[in-house]
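The values are calculated or read from the model by the stated rules, or taken from the named source; none is laboratory data. Because the structure is a prediction, the values reported are computed rather than measured. Every residue, glycine among them, receives a Cβ derived from its backbone with ideal geometry; neighbour counts consider all protein chains shown.
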Amino acid sequence: MITHFFKFEERKTTLGTELIAGATTFLAMAYIIFVNPSILAAAGMDKTALITVTCLVTALATFLTGIFANAPIAMAPGMGLNAFFAYSLVLTEKISWETALGIVFLSGLFFFLLTLSGFRKKIVDVIPRTLISATAAGIGLFITFIGLVNLGVIQKNDATLLSAAPITPTVLIGLAGFLVMAVLEMKRVKGSMILGILTATLLALLAGKIPWPGSFFSFDIRLSPIAFRLDILGALKWSFAGAIFTLMFMDLFDSVGSLVACCHQAKLTDENGNIRGLNRLLSLDALASMLGAVFGTSTTTTYIESTTGIEQGGRTGLTSVTTAALFLLGLCFTPVIAIVPVYATAPALILVGFFMMREIRNIDFSDMEEGFPAFVIIVMIALSYSIATGLAFGFLSFVIFKIMRLKFREIKPVMWAIAALSLFHFIL
């Protein structure tokens, strides 16, 4: 029954291989159980409920992908997207987290409609590859900066804006966790980030920096502090159009890039190299974002960590179903996860930022016309503390440079619209 449903014979896999692949994917991305609540809690949301929602939404979205797309791909609240939610929308723009969830829902809805209409492909085609890579690199730098602040390495300085902070015991504990992550990553050990987080947390417990949990297991699952609290009507304002577009843009290219990498690695392509069922996968990605917003988390997207399970031989949706089951099991360990300090999860942010910065190799900085707008995006995302602002600066500079060179034909109609939205972002 299972072998027939998931097409084991057609995809040349076995039950044992799929189960191992699913467990491998879980270990590679289990760090989000700790990191996502830590980031979103900065927006004033209940951390314990966020742990539950992170596990639940990841499990549901990944399960649906496995069942309806039969693909070894996991979905979860996206890194970078959660930073935009907490630090740009809520803390910088002073939007309530309930309204921000409404913005996430609307961005998922519009993304779903774009996928159905085929307009998604037009947007993908019109944005230069350099700007896509710059967005990933800029978010990587932004996340790294947040990680350094959370770790306690960087602090505010009235004279120089920022400066290095004193080395405290908690900083040393966090750095020890980072070294564990780095060494295990170099040795290609699965689950390097979660093992580093657990190491730092154990050191904090032994040093008396955090209290021991009252219990190790809990079946008291609480969603009410954040679930079904989204404010869709409050998000339906012209002033939020830029934020909705930014989330759509980030999710679009994050999901497309991850899906292309995963599906090609899993050999889920036709004879022309086109991904089988790409629109279905993108539709599930958009629906997962809407589902996540309803339950109380930031944009849900495809995770590139799925490639770790694919490397272990995962070829069908059973890999995803296995990963989903393990995330559901994580719901029972909420008391343990809740005590993890922010300086223990900070190294994971730094490492994720490093991974995202790899995209910078796709940018040709020797070409001023193409390289400078990309440079603007990278710098302004980090220095303005706003992903939306960084993208707006970058898109506008791209169009302005083309106008200065009188290359009007290289500015597609959709790019004019994106530039207009970027301008509205500053005006509104």
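Might you check whether a residue that is assigned to a helix (DSSP H, G or I), surrounded by fewer than 18 Cβ atoms within 10 Å (Cβ to Cβ), within 18 Å of the chain's Cα centre (by Cα) and not aromatic (Phe, Trp, Tyr) occurs anywhere in region 27-43?
The answer is yes, given that some residue of region 27-43 is assigned to a helix (DSSP H, G or I), surrounded by fewer than 18 Cβ atoms within 10 Å (Cβ to Cβ), within 18 Å of the chain's Cα centre (by Cα) and not aromatic (Phe, Trp, Tyr).
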Q.
Considering only residues that are crowded, with 24+ Cβ neighbours inside 10 Å and among the aromatic types (Phe, Trp, Tyr), which ones fall in region 7-26?
A. Phe26
Q. For region 149-178, how many residues meet the condition of being without any contact (Cβ under 8 Å) to a residue 40 or more places away in the chain and out of contact with any strand residue (DSSP E or B) (no Cβ under 8 Å at 6 or more places or on another chain)?
A. 9
Q: Just name the residue that is surrounded by the fewest Cβ atoms within 10 Å (Cβ to Cβ) out of those in region 130-144 that are within 11 Å of Phe355 (Cβ to Cβ) and touching an Asp or Glu at 6+ places or on another chain (Cβ under 6 Å).
A: Ala136
Q: Could you please find all residues in region 379-420 being closer than 16 Å to Leu89 by Cβ and of a type outside the set (Val, Ile, Thr)?
A: Ser384, Tyr385, Ser386, Ala388, Gly390, Leu391, Ala392
Q) Of the residues Phe228, Phe249, Phe253, which is at pLDDT 85 or above and either touching a His at 6+ places or on another chain (Cβ under 6 Å) or of a type in the set (Phe, Trp, Tyr) (or both)? A) Phe228
Q: Output the qualifying pairs, or none if there are none: Cβ atoms under 6 angstrom, residues six or more apart or on different chains, first residue in region 408-424 and touching a residue at least 40 places away in the same chain (Cβ under 8 Å), second residue surrounded by 13 or more Cβ atoms within 10 Å (Cβ to Cβ) and hydrophobic (A, V, I, L, M, F, W, C).
A: Lys412/Val126; Val414/Val126; Met415/Val126; Ile418/Phe395; Leu421/Phe245; Ser422/Ala392; Ser422/Phe395; Ser422/Leu396
(Q) Quick test of your reading of the structure: Thr13 fulfils all but one of (1) over 15 Å from the mean Cα position of the chain (by Cα); (2) outside any helix (DSSP H, G or I); (3) within 18 Å of Thr302 (Cβ to Cβ); (4) not aromatic (Phe, Trp, Tyr). Name the failing condition by number. (A) (3)
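Quick grid of which residues meet (1) surrounded by fewer than 24 Cβ atoms within 10 Å (Cβ to Cβ); (2) aromatic (Phe, Trp, Tyr); (3) within 30 Å of Asp364 (Cα to Cα):
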| residue | (1), (2), (3) |
| --- | --- |
| Asp46 | yes, no, no |
| Thr54 | no, no, no |
| Ile73 | no, no, no |
| Thr92 | yes, no, no |
| Thr115 | yes, no, no |
| Phe119 | yes, yes, yes |
Q: Considering only residues that are hydroxyl-bearing (Ser, Thr, Tyr) and either assigned to a helix (DSSP H, G or I) or in contact with a Pro (Cβ under 7 Å, 6 or more places away or on another chain) (or both), look in region 337-390 and name the one that is farthest from Phe145 (Cα to Cα).
A: Thr389
Q. Val340 fails exactly one of the following numbered conditions: (1) aliphatic (A, V, I, L, M); (2) surrounded by 22 or more Cβ atoms within 10 Å (Cβ to Cβ); (3) at pLDDT 85 or above. What is the number of that condition?
A. (3)
**Q.** Candidate set: region 261-304, residues that are at pLDDT below 80 and closer than 17 Å to Gly80 by Cβ; chosen: the one nearest to the chain's Cα centre (by Cα)
**A.** Ile304
Q. Can you name the residue in region 391-428 that is among the β-branched types (Val, Ile, Thr) and not in a loop (DSSP other than H, G, I, E, B) and is also farthest from Ile363 (Cα to Cα) among such residues?
A. Ile427
Q: Mind checking which helices (runs of 4 or more DSSP H) fall wholly inside region 235-334 and carry at least 1 residues that are closer than 24 Å to Phe105 by Cβ and in contact (Cβ under 8 Å) with a residue 12 or more places away in the chain?
A: 241-265, 278-295, 317-329
(Q) It is to be established whether one or more residues within region 175-186 are farther than 26 Å from Gly309 by Cα and part of a helix (DSSP H, G or I). (A) yes
Q.
With the requirement that a residue be free of Cβ contacts under 8 Å to residues at least 60 places away in the same chain and within 27 Å of the chain's Cα centre (by Cα), what does region 199-216 give you?
A. Thr199, Leu202
Q) Condition test on Gly108, is it of a type outside the set (Asp, Glu), over 24 Å from Ile139 (Cβ atoms) and buried (at least 24 other Cβ atoms within 10 Å of the Cβ)? A) no
